[in-house]
1. Any residue that is touching a Leu at 6+ places or on another chain (Cβ under 7 Å) and either under 14 Å from CYS321 (Cα atoms) or in a loop (DSSP other than H, G, I, E, B) (or both) - is there at least one of those in the stretch 277-291?
2. Of all residues in the stretch 242-266, which are out of contact with any Ser or Thr (no Cβ under 8 Å at 6 or more places or on another chain), under 17 Å from TYR514 (Cβ atoms) and either open to solvent by 50 Å² or more (accessible area, probe 1.4 Å) or of a type in the set (Val, Ile, Thr) (or both)?
3. Just to verify a result, which residue in the stretch 11-61, among those that are of a type in the set (Ser, Thr, Tyr), part of a loop (DSSP other than H, G, I, E, B) and over 19 Å from ILE471 (Cα atoms), is modelled with the lowest pLDDT?
4. For GLY318, indicate whether it is closer than 26 Å to VAL487 by Cβ, over 19 Å from the mean Cα position of the chain (by Cα) and part of a helix (DSSP H, G or I).
5. Can you spot a residue in the stretch 421-438 that is part of a helix (DSSP H, G or I) and more than 23 Å from SER329 (Cβ to Cβ)?
6. Assuming GLY449 fulfils every condition listed in (1) under 29 Å from LEU523 (Cβ atoms); (2) in contact with a Pro (Cβ under 7 Å, 6 or more places away or on another chain) apart from one, which condition is it?
7. Being closer than 24 Å to PRO179 by Cβ and either of a type in the set (S, T, N, Q) or in a helix (DSSP H, G or I) (or both) is the requirement here; does LEU485 meet it?
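The values are calculated or read from the model by the stated rules, or taken from the named source; none is laboratory data. This is a predicted model, so every value here is computed, not measured. Note that we place each Cβ from the backbone using ideal geometry, even for glycine, and neighbour counts take in every protein chain shown. In case anyone asks, the SASA skips ligands and DNA or RNA and just uses the protein heavy atoms, side chains included. Shrake-Rupley method; radii C 1.70, N 1.55, O 1.52, S 1.80 Å.
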Amino acid sequence: MKAMFENSLLVRALLCLRAWYHEGAIAGFFRRIAAAYPDSRFRRIWDGFCAAPICTAANSGYARAVAALRRLVERLGDAAANSLIYRVCLAIWSPVSTFLGGGIVGRVFRFFGVRGLLLVCLAMYLPLDVLIRWLSMTKGYLPGFVGSVWDECLMLAAFAYILWHTAMRRAPIQSRATPVDAYLLLFIGVGFFLMCAVSPYPSIALDGYRAVVQYLFWFFLVTRLIEDDRDFAIFYGALLVMAVAIALHGIYQYIIAAPIPAGWVSQTEESVRTRVYSLTGSPNIMGSLLVLFAPMAAGLAYYCKKMWIKVLAVGVTGMMCLCCIFTFSKGAWGGLAVAVVVFAIFLDRRLIALMGVAGAGALLAIPSIATRITYMFTADYMEASQRAGRMVRWETGLELLHTSNPVLGFGLGRFGGAVAMQNKIIEETETFEYFYMDNYYLKTLVEMGYVGLIFFIILLIGMALWCLRSIGRTGYNESDRTRVLAVSMFAGMCGVLVHCYFENIFEVPYMMAYFWSMAAAVLYLGYFRKKRCIFVRKK
């Protein structure tokens, strides 16, 4: 079998292409860059950039406030631990925990721990949300309001655990304050100001503000929930398990040609038999979800040393990329291409050529992909886009912005997003109608004005810069390859940010929760991980 495989036409063709690549000008260009990089000025700039500590000033006002708050919580914890109520509760809980510890629930609890269970619940946000809403709103097994508030309850449970953990002096001594906190708090404060300044309908403005900022708080929580490598592994693994299950379901939908609304394809795209959407209910959100997690699966192939794990990771990555193709979301395809490029720049530049070969093969093997791409360059597409597509939506949003208040915006929750679609306070006419903006940045601009968009961009740039610094501080050698995992998550995040230009991705709660949780996980690897390669600034 091995001899047949090595002598097959496919293997010989691939080896021939590999030889041509290594002898070609492109490979030579990259070899010269790799040889010049160690002594280059860019290397010195990069080393200095990555050498920045997580807190630019240990005695900054924010750091002092966080430290003072921690001391206050610890003093309250000491008082509670010495109280009679605490001792009574502990005496009651001890036999209960002993009784429950012998069952399945007890074993699961001991294996994951409280932090692990909270991280698993966060990783399973999408399936849990679908399940709880189905049980509460469809079947009536749970009260109807549970489907709407369960995620807030999960967030409060995580906050309560962190508070109690800190009060009992069990949290890590190292402060988990990061410069990204400042960017987040700044954007949250600006959003609150805009909510108060432009609020002709206060309840709608509050709903719009909550939709924008609520899930940003997962960054603060996850930076404190991931305390060690075990917590990180549980979170990373749970995210991958969820993503693989969603991708498998998507492949199944494509095989059976799941029915879709007629509006998902145009009349000129009749060859598109279906668009997969799985539990998300939208092929565009499904594609963005796969863009976020496909690089994480690919990262395992570079991180793990066991061959069977590498093979499994490569297979899973291919399946997720294939499922992303089956969503027929052009924005997701663009985001996936950007994610591959970012991944390749840091880890393996050969993947750029592999992506080109895989893309050409997909165009030849699946004609509907070529049809959907070439349709973008036709006069019919331009006409449809100007009549009811993104172009007319973006033009309408900009006109609405400039006729209201370009600086402060039209008002949170009033146009371009889910809150506006649910309320529709302005009467629709022949010249005005409600719709999703299909561009989260433009939606932010319309609702929050140039002030809101500027601070949102500052937030994203600040987050990206500190994630890059975190990547630069991680190990990339035989004994420590954590950089692979950090790059994998960051690459998927970059792909999602690109996709946000074409869809309201952050309008979906679980997408925003996943995104900011992964940003927190990247910072953990570079700055809070106990066993890591210590970054030494090159002299």
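1. Let us first name the residues in the stretch 277-291 that are touching a Leu at 6+ places or on another chain (Cβ under 7 Å), namely 279-280, 291.
If we keep only those that are either under 14 Å from CYS321 (Cα atoms) or in a loop (DSSP other than H, G, I, E, B) (or both) as well, we get 291.
Within the stretch 277-291, one or more residues are touching a Leu at 6+ places or on another chain (Cβ under 7 Å) and either under 14 Å from CYS321 (Cα atoms) or in a loop (DSSP other than H, G, I, E, B) (or both).
2. VAL244, ALA245
3. Residues of the stretch 11-61 that are of a type in the set (Ser, Thr, Tyr), as a first pass: 21, 37, 40, 56, 60.
Applying the additional criterion that residues be part of a loop (DSSP other than H, G, I, E, B) yields 40, 56, 60.
Then drop every residue that is not over 19 Å from ILE471 (Cα atoms), which leaves 40, 60.
Details: SER40: 78, SER60: 69.
So, considering only residues that are of a type in the set (Ser, Thr, Tyr), part of a loop (DSSP other than H, G, I, E, B) and over 19 Å from ILE471 (Cα atoms), the one modelled with the lowest pLDDT is SER60.
4. Values: closer than 26 Å to VAL487 by Cβ: yes; over 19 Å from the mean Cα position of the chain (by Cα): yes; part of a helix (DSSP H, G or I): yes.
In short, yes.
5. Scanning the stretch 421-438 turns up at least one residue that is part of a helix (DSSP H, G or I) and more than 23 Å from SER329 (Cβ to Cβ).
6. For GLY449, the failing item is (1).
7. yes
Let's see how each residue does on (1) without any contact (Cβ under 8 Å) to a residue 12 or more places away in the chain; (2) of a type outside the set (A, V, I, L, M, F, W, C); (3) surrounded by fewer than 23 Cβ atoms within 10 Å (Cβ to Cβ):
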{"residue": "SER271", "(1), (2), (3)": "no, yes, yes"}
{"residue": "TRP308", "(1), (2), (3)": "yes, no, yes"}
{"residue": "SER329", "(1), (2), (3)": "no, yes, no"}
{"residue": "LEU336", "(1), (2), (3)": "no, no, no"}
